[in-house]
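Take a look at the structure set out below.
The values are calculated or read from the model by the stated rules, or taken from the named source; none is laboratory data. The structure displayed is predicted, hence computed values, not measured ones. Cβ placement follows ideal geometry from the backbone for every residue including glycine, while neighbour counts extend to all protein chains displayed.
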Amino acid sequence: MRNIQKVLERWGGWAARDYNNLGWTPVAAGFKSLIVAPRSRRLDCCDADGLIIDACICRLRKVRQAGEYDLLIAHYVYGASKRTLARILKQDEKTVRVQLQVAEGFIDGCLSMLDTRLEMDDSVEVSENNAAIRPLPVKKMMMW
C-alpha cells in the first residue's frame, strides 16, 4: 500500500520542473551536455512514473469535477497550502481538505486499477504497523 500524498508530492515536483526531456529540445544537438539543468530542491519522480500518474490525473479531469483537478494542481504542482486555497475559493478549509481527499482517493484507485508498480514504491510504501491505529479492545462488563 503506497502513501498517495507522497506519490503526488513527487509527481508535483516532476510536473513543476522547468526542463522536460519528453518533448523537443530547445538546445541544438551536441550542445545539450554543455548546459546544466537547474536542480530543484523538491522531490520528483522518474519520467515513467510521472507519465503514469499524469494519465491518472488526466482521467480525473475527464471524469470527475474540474474543481478537484484544479485543487490537485494548485496544491501539488504550485505548492499552495490548503488554507490558502480555502481563502482563494472562499470556502471552509475542511471543504478543501475533503475535496483533496476525494481527488487523492480517485488517483489512488486509478493506480490500483492499473496494477502497475512504480519505481518510487519502495520509498512511499506505508508499513502495516503505521497503516492504521487500531483501537484497543474493550472488555465486556457483566452486570449482575
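List of remarks:
- When ILE52, ILE88 are screened for being out of contact with any strand residue (DSSP E or B) (no Cβ under 8 Å at 6 or more places or on another chain), at pLDDT 90 or above, under 21 Å from GLY109 (Cα atoms) and assigned to a helix (DSSP H, G or I), only ILE52 passes.
- Of all residues in the range 20-38, none satisfies being over 17 Å from VAL124 (Cβ atoms), at pLDDT below 95, surrounded by 15 or more Cβ atoms within 10 Å (Cβ to Cβ) and of a type in the set (Gly, Ala, Ser).
- Screening the candidates ARG61, ARG117, ARG42, ARG134 for the property of being assigned to a helix (DSSP H, G or I) and modelled with pLDDT under 95 yields one hit, ARG61.
- Any hit, the range 78-92, residues being surrounded by fewer than 16 Cβ atoms within 10 Å (Cβ to Cβ), touching a Gly at 6+ places or on another chain (Cβ under 9 Å) and under 12 Å from ALA15 (Cβ atoms): yes
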